[in-house]
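Below is one structure, written out as structure tokens, with a few remarks after it.
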Amino acid sequence: MMHFSQVVLVPGDPILGLMEAFRADPRPGKLDLGVGVYKDPQGITPVLASVKQAERRLLASETSKSYIGGHGDPLFAQRLTQLVLATDSPLIATQRAAATQTPGGTGALRLAADFIGHCLPGKGIWLSDPTWPIHQTLFAEAGLAVNHYPYVNADNCLDVEALLETLGRVPHGDVVLLHACCHNPSGFDLSQADWRRVLAVVQARELLPLIDFAYQGFGDGLEADAWAVRLFAETLPEVLITSSCSKNFGLYRERTGALIVCASSLERLSAVRSQLALIARNLWSTPPAHGAAVVAQILEDVELKNLWITEVDAMRQRIAALRLGLLEALAPHGLAERFAHLATQRGMFSYTGLSPAQVLRLREDSGVYLVGDGRANVAGLAEARLGDLARALAQVCN
Ligand SMILES: Cc1ncc(COP(=O)(O)O)c(C=O)c1O
């Protein structure tokens, strides 16, 4: 009997597939704006100097490779919670918030999804349209009913009114996933006034917010980017936050993240955490140690932390400069207005508003690789190539 004969071949992840297609493309002038990683001017996704220093210290001081507990490294959990909620957060002072270490932000999302499915049955989840495609598949895989609220309109603009209108009709008590900053894929973020309006609807409909915080430091700064997360955590009795260290610590492959739970009391928090440990035990048993140990070292040491903040600031400022540089390069082609959103969008991505056919033409004619929905990873650009990209865009837009 051929057991595997019934297994059908499925297409791979489109973004990872794009990476492979890019590698196989022999054209020297090709440009990869697909997968969401930061690249330096040499096109390299660097190991941060703060990470290298922390790793050297760990290598010298580490005494065991024994398992870490189900919630992961306690120092990492404590320091990351402080980074997200603020060191002087009233939730930390009253023991109403704690982190469970997970394999990256994806692991945190999966843990949250299974927690909702197991412990809060019947709740649907509401995702922005568009959103990071894995949100869609991950929550569906966990058995949750997945719904959408509008986020970007047909003119490629943030549509807050449509968002609020739909959230106002969400069944009482459902879960709403919100991007804390640097919305993926659009790059459009809510203003503080918008966030307050979303909060009011969340309160009125008693929704449970699940805030995806994958880009702290890449929008307006490490503190500024946490503004909405902190507003929600301090106003609402219960909030779930998924935090990723992939981008801001450059630890992508080390799979470092956490699910932070904010609850109304220590007793409720402990009950939720007991469930999380149980669910995690059946998913990955205990989380990988190295990335979290690096983050803990950095956040624990004033000198290393300051170096890391400088590095995050530099990455953010460079991405912002690339956005403006591309806009300048597009101006001589008469495309400054068409791409004006580049300047207001935040984070690594820009929703270009290009159609799938234009994205395909860009790839075939110019070797420029974008995700099919028109998302461009601005953080993958090199200053020296802005002119080439502007010319390629002009070819498909004009
Ligand atoms: C919106 C969003 N959430 C979560 C993640 C997960 O990040 P990771 O699992 O690499 O930490 C990503 C990564 O691209 C993302 O864009």
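Translational diffusion of the chain, estimated by Stokes-Einstein from the Kirkwood radius over alpha carbon pairs at 10 °C in a medium of 1.306 mPa s, is 72 µm² per second. Under the membrane-span-like helix rule (DSSP H runs whose alpha carbons stretch at least 30 Å along the helix axis, mean Kyte-Doolittle hydropathy 0.5 or higher), the chain yields none. With Rh defined as the Kirkwood radius, the inverse of the mean 1/r over Cα pairs, the Rg/Rh of the stretch 70-265 is 0.93. Comparing Ala314, Ala289, Ala263 in a Gaussian network model of the chain (Cα springs below 10 Å), the most mobile by mean-square fluctuation is Ala314.
Using a Gaussian network model of the chain in which every pair of alpha carbons under 10 angstrom is joined by a spring, one finds that among His333, His179, His135 the greatest mean-square fluctuation is at His333. In terms of other Cβ atoms within 10 Å, Leu354, Leu178, Leu330, Leu9 run from fewest to most in the order Leu9, Leu354, Leu330, Leu178.
Note: the stretch 125-223, Cα convex hull, 100 Å³ per residue. Among Ala200, Ala97, Ala108, the residue with the largest mean-square fluctuation in a Gaussian network model of the chain, with springs joining Cα atoms closer than 10 Å, is Ala200.
Only lysine pairs 8 or more places apart, or on different chains, with alpha-carbon atoms under 21 angstrom apart are counted in the chain, and they number 7. Globularity index of the stretch 273-378 is 1.59 (Cα radius of gyration / 2.2 N^0.38 Å, N = number of residues). Remark: relative contact order (the stretch 70-265) = 28 percent; criterion is Cα-Cα distance under 8 angstrom and separation of 6 or more residues.
No lab work stands behind these numbers, since they all come straight from the coordinates. Please read all numbers here as calculations on a predicted model, not as lab measurements. For neighbour counting, all protein chains shown are included, and Cβ atoms are generated from backbone atoms with ideal geometry for every residue, glycine included.
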